[in-house]
Amino acid sequence: MQKGKFGKLCLVSNVILVSSMVFMFSNLISVCIASESSSESHLYIEAEHEIQHNHVAVFVGGMSPVGDSNKTFVALGLSYERRLNEPFGIEVLADFTVGSDGRAALFLTGVTYRPFREYGLKLMTGPGFEIAEHNSDATEVNFVYGVGLAWEFHLGNVSIAPTVRADFFGESNANITFGIAIGTGF
């Protein structure tokens, strides 16, 4: 099968699908929050309260290699974030992917930044490494640099965050990871 144009088309369709899901999910949550509190129009409920400095979350989604979008792997992850102050935090995360070609574990550390207090936009960036085991019994370790964004919604003590992240490794390799993170602060 020819991978060139078809692979790019599949990647574009995956990005459009994920963007549409994030948009629809964002609208659904904003309607739910707006209906709960008619006097409050903020999507970011935590803005009314003191910042919870610790946050843990689980992640469920998919991972697709850029340039080979015929492959999409199941991705599961865990993360811990320590909020340093209002906009900045430090995050540690581990993602695990499983597919027909093998499995991989990704470990990242990085900085998080929330540019707007009243909205749940969260930007993430940082280095890490990936350990990939292929069906050919070859194991490789790669340095990775991740860049991502999430849109956090808080319903009581629970946070729900549609998330998209690009992880760059090697000379010209990248993976796109997308999904939903559900967590809580303490």
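For residue 167, all conditions in the list (1) crowded, with 22+ Cβ neighbours inside 10 Å; (2) in contact with an Asp or Glu (Cβ under 6 Å, 6 or more places away or on another chain) hold save one; what is the number of the exception?
The one condition residue 167 does not meet is (2).
If a residue must be more than 12 Å from residue 113 (Cα to Cα) and of a type outside the set (S, T, N, Q), how many such residues does the stretch 78-95 contain?
Let us first name the residues in the stretch 78-95 that are more than 12 Å from residue 113 (Cα to Cα), namely 78-80, 92-95.
Now restrict to residues that are of a type outside the set (S, T, N, Q): 78, 80, 92-95.
Of the residues in the stretch 78-95, 6 are more than 12 Å from residue 113 (Cα to Cα) and of a type outside the set (S, T, N, Q).
What is the residue count in the stretch 48-103 for residues that are acidic (Asp, Glu), assigned to a strand (DSSP E or B) and within 16 Å of residue 123 (Cα to Cα)? Let's see the steps before the verdict.
Step one: filter the stretch 48-103 for residues acidic (Asp, Glu), giving 48, 50, 68, 81, 86, 91, 95, 101.
Those left that are additionally assigned to a strand (DSSP E or B): 81, 91, 95.
Those still in the list that are within 16 Å of residue 123 (Cα to Cα) too: 81, 91.
Residues meeting the conditions: 2.
Can you confirm whether the stretch 44-56 contains a residue that is surrounded by 19 or more Cβ atoms within 10 Å (Cβ to Cβ) and either of a type in the set (Ser, Thr, Tyr) or at pLDDT 65 or above (or both)?
Yes, there is a match, as at least one residue in the stretch 44-56 is surrounded by 19 or more Cβ atoms within 10 Å (Cβ to Cβ) and either of a type in the set (Ser, Thr, Tyr) or at pLDDT 65 or above (or both).
Can you pull out the residues in the stretch 117-158 that are more than 21 Å from residue 96 (Cα to Cα) and of a type in the set (Gly, Ala, Ser)?
Correct list: 120, 156.
Just checking, which of 79, 69, 136 is modelled with pLDDT of 95 or more and either of a type in the set (Gly, Ala, Ser) or touching a Leu at 6+ places or on another chain (Cβ under 9 Å) (or both)?
Working: 69 fails: modelled with pLDDT of 95 or more; 136 fails: modelled with pLDDT of 95 or more.
On inspection, the qualifying residue turns out to be 79.
Pick from the stretch 131-171 the residues that are within 17 Å of residue 63 (Cα to Cα) and polar (S, T, N, Q): which of them is farthest from the chain's Cα centre (by Cα)?
Restricting to residues being within 17 Å of residue 63 (Cα to Cα) and polar (S, T, N, Q), the top hit is 142.
Need the failing condition index for residue 155 against (1) closer than 14 Å to residue 181 by Cβ; (2) in contact (Cβ under 8 Å) with a residue 40 or more places away in the chain; (3) surrounded by 13 or more Cβ atoms within 10 Å (Cβ to Cβ); (4) not β-branched (Val, Ile, Thr), just the number.
Going through (1) closer than 14 Å to residue 181 by Cβ; (2) in contact (Cβ under 8 Å) with a residue 40 or more places away in the chain; (3) surrounded by 13 or more Cβ atoms within 10 Å (Cβ to Cβ); (4) not β-branched (Val, Ile, Thr) one by one, residue 155 breaks only (3).
Name the residue that is farthest from residue 85 (Cα to Cα), counting only residues in the stretch 105-117 that are in a strand (DSSP E or B) and in contact (Cβ under 8 Å) with a residue 40 or more places away in the chain. Steps first, answer last, please.
Restricting attention to the stretch 105-117, the residues satisfying the condition of being in a strand (DSSP E or B) are 105-113.
From what is left, the residues that are in contact (Cβ under 8 Å) with a residue 40 or more places away in the chain are 106, 108.
Details: 106: 27, 108: 21 Å.
It comes out as 106.
Does residue 77 fit the bill of being under 17 Å from residue 184 (Cα atoms) and in contact with a Lys or Arg (Cβ under 6 Å, 6 or more places away or on another chain)?
On the way: under 17 Å from residue 184 (Cα atoms): yes; in contact with a Lys or Arg (Cβ under 6 Å, 6 or more places away or on another chain): no.
Against the criterion (under 17 Å from residue 184 (Cα atoms) and in contact with a Lys or Arg (Cβ under 6 Å, 6 or more places away or on another chain)), residue 77 does not qualify.
Please go through the stretch 152-173 and pick out each residue that is assigned to a strand (DSSP E or B) and at pLDDT below 95. Please lay out each step first, then the result.
Here is the first cut: in the stretch 152-173, the residues assigned to a strand (DSSP E or B) are 153-155, 158-169, 173.
Once the filter is applied, which keeps residues that are assigned to a strand (DSSP E or B) and at pLDDT below 95, the stretch 152-173 yields 153, 154, 155, 158, 159, 169, 173.
Working carefully through the options 178, 88, 143, 186, find the one that is among the aromatic types (Phe, Trp, Tyr) and surrounded by 18 or more Cβ atoms within 10 Å (Cβ to Cβ). Reasoning before the result, please.
Values: 88 fails: surrounded by 18 or more Cβ atoms within 10 Å (Cβ to Cβ); 143 fails: surrounded by 18 or more Cβ atoms within 10 Å (Cβ to Cβ); 186 fails: surrounded by 18 or more Cβ atoms within 10 Å (Cβ to Cβ).
Going through 178, 88, 143, 186 in turn, just one is among the aromatic types (Phe, Trp, Tyr) and surrounded by 18 or more Cβ atoms within 10 Å (Cβ to Cβ): 178.
The values are calculated or read from the model by the stated rules, or taken from the named source; none is laboratory data. Every value quoted in this text rests on a predicted model; they were computed, and no experiment measured them. Neighbour counts run over all protein chains shown; Cβ positions are idealised from the backbone, glycine included.
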